[in-house]
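Step one of this worksheet: look at the structure below.
Nothing in this text is a laboratory measurement; each read-out follows from the coordinates by a stated rule. Predicted model, so just to flag it, every value in this text is computed and none were measured. Glycine also receives a Cβ, built like all others from the backbone with ideal geometry; neighbour counts cover every protein chain displayed.
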């Protein structure tokens with residue numbers, strides 16, 4: 001897509017955290033943005049579809065309504081999500097794991113599928129949010145890590161299948177980022193100082209730093225598809 005063409009983009013989970021930062025970055029670039037979330041975007045001028053991402057019919061209806069209103073769609077950032085239960089696997093239930101998988105993996109698949117169905121052969125770009133929990137093993141995060149690893153695989157599968165539709169599909173795997181989700185983990189006893197010691201850059205990311213990479217993949221990286229890019233301050237490169 002060239003800079004002279006209109007960008008019409010859906011951002012799921014765009015009312016807080018990384019999604020909110022993505023919306024702000026896209027607006028600064030002139031995108032016509034619609035947010036899908038369970039609550040309104042804090043800027044009332046940004047259109048919001050109130051939709052539960054595990055409601056397949058609701059997601060399909062919201063995508064179609066947005067397409068009709070905008071006269072087409074060119075981009076999708078699937079940044080919705082919730083934190084897992086953060087406890088040992090022996091204490092997790094199947095519903096704990098199923099809930100995270102449905103929200104992150106199935107919800108991302110469904111909204112991407114509906115986006116592709118409405119593309120009608122026009123060029124498009126999708127960016128999912130995976131996580132560094134999809135790399136290696138993490139204690140107490142079987143539910144969240146499994147769901148985020150599935151998104152990394154979903155990215156590869158759809159990139160191959162939808163190249164013929166002129167749709168690029170990529171993902172970003174954020175490292176620890178100062179979002180409300182991480183702040184809630186701190187409240188529950190997660191110690192950030194130990195994370196920062198292991199981080200080569202020595203600090204956590206700001207949401208806008210993740211957003212800039214997402215938007216780069218969405219708009220600028222026109223020969224990149226099927227990739228999951230870790231934006232983690234070097235966390236996944238540490239060998240010990």
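When the helices in the chain are scored as -39500 (n - 2.57) per DSSP H run of 4 or longer and the sum is shared across all residues, what 222 nm value do you end up with, to the nearest 500 deg cm²/dmol? Could the numbers behind the result be given before it?
On the way: 8 runs with 92 residues, N = 240.
Using -39500 (n - 2.57) per qualifying helix, the result is -12000 deg cm²/dmol.
Can you pull the one-decimal nm distance between simple spin-label points at residue 120 and residue 212, each 7 Å off the Cα toward Cβ?
Result: 3.7 nm between the two label points.
Given a Förster distance of 30 angstrom, what is the FRET efficiency for residue 191 paired with residue 45, based on the Cβ-Cβ distance and rounded to 0.05?
Details: r = 39 Å, r/R0 = 1.31.
The calculated FRET efficiency here is 0.15.
Looking at the square roots a ≥ b ≥ c of the eigenvalues of the Cα gyration tensor of the stretch 110-240, which shape do they give, rounded for a/c under 1.5, prolate if a/b is larger than b/c, or oblate? Walk me through the numbers on the way to the answer.
Working: a/c = 2.24, a/b = 1.98, b/c = 1.13.
Prolate is the answer for the stretch 110-240, as a/c is 1.5 or above and a/b outweighs b/c.
Give me the number: length gained by fully extending residue 183 to residue 82, i.e. 0.36 nm times residue separation minus the C-alpha to C-alpha distance, one decimal in nm.
Values: separation 101, 0.36 × 101 = 36.36 nm, distance 1.26 nm.
35.1 nm is the gain from fully extending residue 183 to residue 82.
Pulled fully out, how much extra length does the chain show between residue 198 and residue 64, if you take 0.36 nm times their separation in residues and subtract their Cα-Cα distance?
Working: separation 134, 0.36 × 134 = 48.24 nm, distance 4.46 nm.
Answer, rounded to one decimal: 43.8 nm.
Does the stretch 43-128 come out rounded, prolate or oblate, given a ≥ b ≥ c as the square roots of the eigenvalues of its C-alpha gyration tensor, rounded meaning a/c under 1.5 and, failing that, prolate meaning a/b above b/c?
Working: a/c = 2.61, a/b = 2.12, b/c = 1.23.
In terms of gyration-tensor shape, prolate.
Rank by packing, highest mean first: peptides 221-227, 131-137, with packing defined as the count of other Cβ atoms within 10 Å averaged across residues.
Top of the packing list down: 131-137, 221-227.
Can you grab the distance from the C-alpha centre of the stretch 134-185 to the C-alpha centre of the stretch 208-237, Å, no decimals?
So the separation of the two Cα centres works out to 12 Å.
Classify the stretch 138-179 from the C-alpha gyration tensor, please: rounded if a/c falls under 1.5, else prolate or oblate depending on whether a/b exceeds b/c. Present the calculation step by step, with values, prior to reporting the outcome.
On the way: a/c = 4.90, a/b = 2.03, b/c = 2.41.
Judged from the Cα gyration tensor, the stretch 138-179 comes out oblate (a/c at least 1.5, b/c at or above a/b).
If you line up the long axis of helix 17-28 against the longest principal axis of the chain, both from Cα atoms, how many degrees apart are they, to the nearest 10?
Helix 17-28 and the main axis of the chain meet at about 30 degrees.
Report the label-to-label distance for residue 153 and residue 102 in nanometres (one decimal), using points 7 Å from each Cα along the Cα→Cβ vector.
Each label point is offset 7 Å from its Cα along the Cβ direction, giving 2.0 nm.
After finding the eigenvalues of the alpha carbon gyration tensor for the chain, what semi-axes result from the square roots of 5 times each, listed largest first in whole Å?
Details: eigenvalues 160, 73, 62 Å².
Equivalent-ellipsoid dimensions as semi-axes: 28, 19, 18 Å.
Taking Cα atoms, how many degrees apart are the long axis of helix 56-70 and the longest axis of the chain, rounded to 10 and kept between 0 and 90?
With rounding to tens, the tilt is 50 degrees.
Using only Cα atoms and rounding to the nearest 10 degrees, what angle (0 to 90) does helix 142-162 make with the longest principal axis of the chain?
30 degrees
Normalising by the residue count of the chain, find the relative contact order in percent from Cα pairs under 8 Å and 6+ residues apart. Don't skip to the answer; put the middle values down first.
Working: 447 pairs, mean separation 47.9, N = 240.
Worked out over the chain, it gives 20 percent.
Applying 1/(1 + (r/R0)^6) with R0 = 22 Å to the Cβ-Cβ distance of residue 93 and residue 52, what FRET efficiency is obtained, to the nearest 0.05?
Details: r = 21 Å, r/R0 = 0.95.
So the FRET efficiency works out to roughly 0.60.
For the stretch 86-228, calculate the relative contact order in percent as a whole number, restricting contacts to Cα pairs under 8 Å that are 6 or more residues apart. Numbers along the way, then the final one.
Working: 174 pairs, mean separation 40.0, N = 143.
It rounds to 28 percent for the stretch 86-228.
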